Structure formats: structure tokens, C-alpha cells
There are 2 protein chains.
Amino acid sequence: MYTSRISKQTIKRLAIYYRCLEKLHKEGIRTVSSHQIGEELGLKASQVRKDLSYFGGFGKRGVGYEIRTLASRISKILGMTRSWKTCIVGFGNLGRALLHFPGIRDKGFNIVGVFDKDKKKVGSAADDLLRVEDVASIPMAIRERGIEIGVIATPAEDAQSVVDLLIKYGVKGIVSFAPTKLSVPERISVEEIDISVALSSVAFGIIRMERDGD
Amino acid sequence: MYTSRISKQTIKRLAIYYRCLEKLHKEGIRTVSSHQIGEELGLKASQVRKDLSYFGGFGKRGVGYEIRTLASRISKILGMTRSWKTCIVGFGNLGRALLHFPGIRDKGFNIVGVFDKDKKKVGSAADDLLRVEDVASIPMAIRERGIEIGVIATPAEDAQSVVDLLIKYGVKGIVSFAPTKLSVPERISVEEIDISVALSSVAFGIIRMERDGD
DNA sequence: GAGTGTGAACTATTTCACAGCT
DNA sequence: AGCTGTGAAATAGTTCACACTC
């Protein structure tokens, strides 16, 4: 039940298991086996069991996992039951898309601030509830609203300074879409999503397939 | 120099090395060591050398890597010198953001089609050059324009059927932002970008840090 | 009989360490 | 002297296989 040395990959799969369980639950199913989950997600049953076993025995031998219980345990582990005060920095096309992205707002990530450095955007409505604020008001916003997670949707060249600022005022986690390597202290939880790297990886895959034919 | 068994992680780092080299090149630097690249990107020098060695000896012992040469070799390996006919399916906020995302268009990914199933969007201008087309015209578009890569920005529930359609008509690579596991044949190159999983992973990291204190 | 939980075996990836070039 | 290229060692992650429970 010690979670210290659990790999990031296991955690990500846990989030995916959760989504899978939600789906099965909607279909009215009450119980699943590791084999069924694996089938659904393209994973080996043993991988599923191993991942789940890190957090304790959720299943019943001979039966499988009770979906409601397992989903609620996972949501607890991943902090989905808690509301995470989140902000978005950079309100270009991507920032706007993230503000409305399903699976951010509704998975416990409560977006309480949207910031941009462009004075023309500042003051305009980000959505029904939020206005775009100046990046200069980030420190105060973090302090007053208790923002814990920052989502970076700025150009690459602004990302590091924004991240430094967020961390300086107390943000503990960063999800960055900026195509640049961020440098942050050990204690900060970071996830970098690199869209153009993903494209390149797919392109390479096609080249390899064409050359080696599988 | 055989590229068959090279891991996806190595390929992704290669794309990141390329970006790093571009940056150093702009700064007027001509030569780097694996140690400098590693420093810049938070990687061990030996990792950098190992990755590069899979594709042959690019470096000079005692000197390092000539930036221009290495960058051009990497861009060749990753297919950046080739133009990839790409389409975006799903023109909501995310699809719109991807259409304008720097590092898609300018890294050899030429977006030649934007599709949506919403009749209200179909026919409207996606950008200066493209109109939104109906998903029903995907087959013809793939055939006529030789589309090779599809970017999925639809809701989760539509993603699998769109992917099936794209593959059926000849698309060879998929980058999906839909929060669902896709099932595709072996020969198809796929990259799934899961935004809400990234958020959950960051949230878990914060919880772990608070509990275990590093 | 069916299916979990888990040590042990296996496989993949990273890091070390050093011979060999410039 | 400095730095690459690369086998070998170390580490991490996955899969197997089976004892154990329902």
C-alpha cells in the first residue's frame, strides 16, 4: 500500500482504468475481471492486476472487481474527489480549448483563473464566469484563490518564466503544452504534453512501416 | 544503423534534440557535446549519445556534434524534410487550436482538410485557406489529396468510428486527443495524447508529495 | 471453475565505464 | 585533454505462472 515508488505509467493507467470503469458502469455492468479490462484497453490482464495490487487488494478471487468500489478507490487515489484549484496561462486558441475541454473541469479540476500577457485580451470574457486577467496578477490570484495547478498554454519562449512565477507563489503542479523543456524543483509535479513531438513520432512510425513493412 | 527496434521514447527524444539544436543554432553555436544537450534537456549525456548512436556516428570524438549536420540528419530521420498531408477531424475548440498550433504546420505537417459532422460548421471558413467539410467527404478527400495522417479532435464517442474510416481509406498515422483507447491494426502508427490523464497524474504527484514529502 | 495477488523470470531501458579517436 | 561510441552492468517495467480464495 506504499505509493512512493509507483511509476508514472502505472498512475496514468489507473486514470485510464477509471475511465473504462465509468463506461462499463454506464452499461449497467457491476463486476469486471482484469482480463476484461485488459481486453478493453489493449493491456495484459497481469498488467492490470499488478497495477491495482500496488494499492491493495480490490478484487475478489474467482469473481473480479466490483466496479463501483474499484472506481471510487481509484478516484480517491488520484485525487478526483478533491477539487483542484487550477489556472490556465496563455489564452490563445489552445488556452481557450483547454478551458472548455471535457475531462478537465468535470474531473475535479476547477479552473479559477485565466491569464494572458496580451493587454488586448485582458478584461475580456474567457467564458460565462471568468475574465482574462493580466499575468501580472498571477501572484495575488494564487495567494487569494489558493491555486495549486497551472496549465501552461503560452508560446515556448514565455513558458519557463511563467512556470517560475507560478511556483514562486505556491503552485505545486504544472501541465505544460509549451514545446520546451521546463526546469522545475524536485518537489513540483510536472507533465509536459508535446504535440509536435507526437506528430513526429507518428511520422517516423509511418516511415519505418514503409521501409520495414511492419 | 537499423531503425526497426528503436523505442518510441528514443524517437521522441530525437524530436526534442532537434528542437534543442534549432535553439542552439539560433544562438550562433556551431558545436555541442552530448553533455551540453543533456544539461539543456535534463538528460544524462550517455542517454543522448546512446540515442544518437542508433542511427550512426554523428559526432567527432574530442569535439562533439556539429549542430547543422546533426539537425539535418535528425530531420531526415524523423521525416521532417517531407511534407505530410494531414487532416483534422473535429472542429471544436481543440480542432481549431490544433489548426493554428505552431509546430504542426511548420514541421512538415501540411493540413489539407478539416472535417466535422456538425452541419452548422460545415462550409464555414476554418482558416484563410480551408473550409470545414463534412465527415462524409473524408473518403474522397483522402483519395484525392493523399492524406496520410489524421488528427482526431472529436468527442471520445466518435473517435473510433472516425479512425476506422480514416484507416479504411488509406490514412497511415493517427494522432488522437480523444479521451478513449483506440483500436487500430498493427501497421498503423498511433499516438494518443490524453489531457485529462496528464492532469490526474499531476494531481497524484501533488498528493504523493504532500504525503511523503518528496 | 474462475480469477486475484504476487514472487520470480523475462524484457526493455538507462546508466556506467572505458577503449579509441581528434 | 576532451568527448564519442558502445559493450557490460544496473535498473525499471512487464509478463508469467501458480498458490490461494471465492
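The values are calculated or read from the model by the stated rules, or taken from the named source; none is laboratory data. Quick caveat, the model's predicted, so the values are computed rather than measured. Positions of Cβ are backbone-derived with ideal geometry, glycine not excepted, and every protein chain shown enters the neighbour counts.
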Residue hits (the stretch A:45-85; more than 9 Å from DNA strand D (Cβ to nearest atom) and either basic (Lys, Arg) or touching a His at 6+ places or on another chain (Cβ under 7 Å) (or both)) are A:ILE67, A:ARG68, A:ALA71, A:ARG73, A:LYS76, A:ARG82, A:LYS85
Residue pairs within 9 Å by beta carbon, gap of at least six or interchain, first lying in the stretch A:48-68 and within 14 Å of another protein chain (Cβ to nearest Cβ), second near DNA strand D (Cβ under 7 Å from one of its atoms), listed first then second, are A:ASP51/A:GLN9; A:ASP51/A:THR10; A:ASP51/A:LEU43; A:TYR54/A:THR10
Only one of B:GLY38, B:GLY42, B:GLY57 is at positive phi and within 13 Å of DNA strand C (Cβ to nearest atom), namely B:GLY42
Residue set B:ILE195, B:ILE152, B:ILE138, B:ILE111; condition in contact with a Phe, Trp or Tyr (Cβ under 8 Å, 6 or more places away or on another chain) and farther than 29 Å from A:ILE11 by Cα; output residue B:ILE138
With criteria (1) away from DNA strand C (no atom under 16 Å from the Cβ); (2) at pLDDT below 95, A:ARG131 comes up short on (2)
Exception for A:VAL175 within (1) touching a strand residue (DSSP E or B) at 6+ places or on another chain (Cβ under 9 Å); (2) farther than 20 Å from B:LEU98 by Cα falls at (2)
Scanning the stretch B:72-85 residue by residue, those crowded, with 21+ Cβ neighbours inside 10 Å and in contact with an Asp or Glu (Cβ under 7 Å, 6 or more places away or on another chain) turn out to be B:TRP84
Counting only residues that are in a helix (DSSP H, G or I), of a type in the set (Ser, Thr, Tyr) and surrounded by fewer than 13 Cβ atoms within 10 Å (Cβ to Cβ), the stretch B:1-12 contains a total of 0
Only one of A:SER161, A:SER176 is in contact with an Asp or Glu (Cβ under 8 Å, 6 or more places away or on another chain) and of a type in the set (Ser, Thr, Tyr), namely A:SER176
Considering residues that are part of a loop (DSSP other than H, G, I, E, B), within 14 Å of chain B (Cβ to nearest Cβ) and within 15 Å of DNA strand D (Cβ to nearest atom), the number found within the stretch A:13-37 is 0
Among A:VAL89, A:VAL32, the single one that is in contact with a strand residue (DSSP E or B) (Cβ under 7 Å, 6 or more places away or on another chain), crowded, with 19+ Cβ neighbours inside 10 Å, aliphatic (A, V, I, L, M) and assigned by TED's automatic domain parsing to the domain that holds A:LEU165 is A:VAL89
In the set A:ALA178, A:ALA141, the lone residue that is in contact (Cβ under 8 Å) with a residue 24 or more places away in the chain, closer than 19 Å to B:LYS107 by Cα and hydrophobic (A, V, I, L, M, F, W, C) is A:ALA178
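Would it be correct to say that B:SER189 is within 25 Å of B:LYS12 (Cβ to Cβ), crowded, with 19+ Cβ neighbours inside 10 Å, hydroxyl-bearing (Ser, Thr, Tyr) and in contact with a strand residue (DSSP E or B) (Cβ under 8 Å, 6 or more places away or on another chain)?
When the stated conditions are applied, B:SER189 passes them.
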Does A:ARG5 satisfy being within 11 Å of chain B (Cβ to nearest Cβ), within 12 Å of DNA strand D (Cβ to nearest atom), farther than 24 Å from A:PRO102 by Cβ and not hydroxyl-bearing (Ser, Thr, Tyr)? yes
Picked from the stretch B:60-80 (must be on the phi > 0 side of the Ramachandran plot and within 16 Å of DNA strand C (Cβ to nearest atom)), the residue nearest to the chain's Cα centre (by Cα) is B:GLY64
**Asked** Within the stretch B:83-96, can one find any residue that is without any contact (Cβ under 8 Å) to a residue 60 or more places away in the chain and more than 17 Å from the chain's Cα centre (by Cα)?
**Response** yes
Checked the stretch A:159-186 for anything surrounded by fewer than 18 Cβ atoms within 10 Å (Cβ to Cβ) and assigned to a helix (DSSP H, G or I); matches are A:SER161, A:ASP164, A:LYS168
Looking across the stretch B:71-109 at residues that are hydroxyl-bearing (Ser, Thr, Tyr) and closer than 22 Å to B:ILE6 by Cα, the single one that is farthest from the other protein chains (Cβ to nearest Cβ) is B:SER72
